[in-house]
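Any read-out appearing in this document is the output of simple, stated calculations on the displayed coordinates, not a laboratory observation. Since this is a predicted model, take the numbers as computed values, not measurements. Every residue, glycine as well, gets a Cβ built from its backbone with ideal geometry; the counts of neighbours run over all protein chains shown.
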Amino acid sequence: NAGVTQTPKFQVLKTGQSMTLQCAQDMNHEYMSWYRQDPGMGLRLIHYSVGAGITDQGEVPNGYNVSRSTTEDFPLRLLSAAPSQTSVYFCASSFQTGRDEKLFFGSGTQLSVL
Amino acid sequence: GNSVTQMEGPVTLSEEAFLTINCTYTATGYPSLFWYVQYPGEGLQLLLKATKADDKGSNKGFEATYRKETTSFHLEKGSVQVSDSAVYFCALSDLGTDKLIFGTGTRLQVFP
């Protein structure tokens with residue numbers, strides 16, 4: 001059971017570089033999301049998707065793009081990396097959107113921007 | 001707006017000690033409440049939840065009761081183990097958006 005798979009686990013970028021964080025789930029979940037985790041701030045929602053072809057902004061979307069061409073994949077793109085984007089990024093999914101839905105998380109990507 | 005406040009950590013305990021991690025919330029209406037746990041090097045996973053007032057969520061010896069009168073959802077365990085060492089996040093579901101709002105997390109360290 002793979003669940004939610006994120007790659008890479010670690011990444012170091014220079015300011016201004018671009019990259020894509022990959023996220024895939026094999027549970028046929030409709031809802032997928034990206035969070036960033038920063039010390040003393042908990043998890044903050046970046047972008048989310050309620051189904052293939054549908055994406056929307058979360059709490060902290062600036063500097064990030066997403067797309068959802070398939071149910072399984074939800075990549076997060078950093079267009080021009082900045083030191084403020086140094087963080088741990090988590091992808092999460094659930095069967096559908098709803099107040100009681102259990103979120104399944106990937107193991108995270110630790111990103112450092114120099 | 002809706003928010004979750006957790007006690008700051010780290011919480012350091014000896015094995016078999018009693019654990020309480022405090023969580024209070026601010027929200028309109030009656031959101032669902034959750035505790036997620038993050039073990040070292042892993043993503044978060046749901047530990048327990050409660051969906052209405054006076055509900056008690058429980059799992060793996062952990063318990064939390066949804067207290068509307070005190071707007072709290074404190075996490076308790078009667079006897080912690082070294083394997084319980086992790087970061088614990090309290091969260092609520094925003095009634096308007098169904099999105100989860102997380103607290104800042106509380107690190108628990110249990111020593112033998």
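Along its principal axes, chain A has C-alpha extents of 37, 30, 27 angstrom, given from the largest down. Based on Cα atoms of the protein assembly as shown, Rg over Rh with Rh as the Kirkwood radius reads 0.97. Along chain A, the exposed loop sites are trypsin sites (Lys or Arg not before Pro) outside DSSP states H, G, I, E and B with at most 14 other Cβ atoms within 10 Å, and the longest stretch free of them is A:15-101.
How far is the Cα center of region B:20-81 from the Cα center of region A:43-114, in Å? So the separation of the two Cα centres works out to 24 Å. Net length available on complete extension from A:Phe95 to A:Met41 is 16.8 nm, with 0.36 nm assigned per residue and the Cα-Cα distance removed.
Once you charge only the Cβ atoms, +1 for Lys and Arg and -1 for Asp and Glu, what is the size of the charge dipole of region A:8-90 about its Cα centre, to the nearest 20 debye? Could the numbers behind the result be given before it?
On the way: 6 positive and 7 negative charges, 73 e Å.
Dipole magnitude for region A:8-90 comes out near 360 debye.
Taken one residue at a time, the phi angles of region B:15-20 give Karplus couplings (6.51, -1.76, 1.60, θ = phi - 60°) of 4, 6, 6, 7, 10, 9 Hz. Gly and Pro are set to x.
Taking a ≥ b ≥ c as the square roots of the eigenvalues of the Cα gyration tensor of region B:1-40, is the shape rounded (a/c under 1.5), prolate (a/b larger than b/c) or oblate?
Since a/c reaches 1.5 and a/b is larger than b/c, the shape of region B:1-40 is classed as prolate.
Qualifying GluC sites (Glu not before Pro) in region B:1-77, where qualification requires a DSSP coil assignment and no more than 12 other C-beta atoms within 10 Å, comprise B:Glu8, B:Glu16, B:Glu69. Put simply, the amide H of A:Ala81, placed in the peptide plane, has neighbours under 5 Å in A:Gly16, A:Gln17, A:Ser18, leaving out anything fewer than 5 places away on its chain. When the listed pairs A:Lys102/B:Lys56; A:Lys9/B:Lys60; A:Lys102/B:Lys52 are checked against a 23 Å cut-off, the alpha-carbon distance exceeds it for A:Lys9/B:Lys60. Taking every DSSP bridge with both residues inside chain B, close to 90 percent are antiparallel.
State the answer as a single residue: which of B:Thr28, B:Gly61, B:Phe111 lies farthest towards the positive end of the charge dipole of chain B, with beta carbon charges of +1 for Lys and Arg and -1 for Asp and Glu, about the Cα centre. In chain B, that residue is B:Thr28. The charge dipole of region B:1-91, taken about the Cα centre with unit charges on the Cβ atoms of Lys, Arg (+1) and Asp, Glu (-1), comes to about 320 debye, rounded to the nearest 20. Here the label points at B:Thr28 and B:Gln45, each 7 Å from Cα along the C-beta direction, are separated by 3.7 nm in the simple model. For the pair B:Phe18 and B:Lys68 in one chain, pulling the backbone fully straight at 0.36 nm per residue adds 15.6 nm over the alpha carbon distance. Residues of region A:1-19 with the amide nitrogen closer than 17 Å to a label point 7 Å from the Cα of A:Asn65, along Cα-to-Cβ, please. Backbone N within reach: A:16-19. The dipole here belongs to the protein assembly as shown: it is taken about the Cα centre, uses +1 on the Cβ of Lys and Arg and -1 on the Cβ of Asp and Glu, and is about 360 debye.
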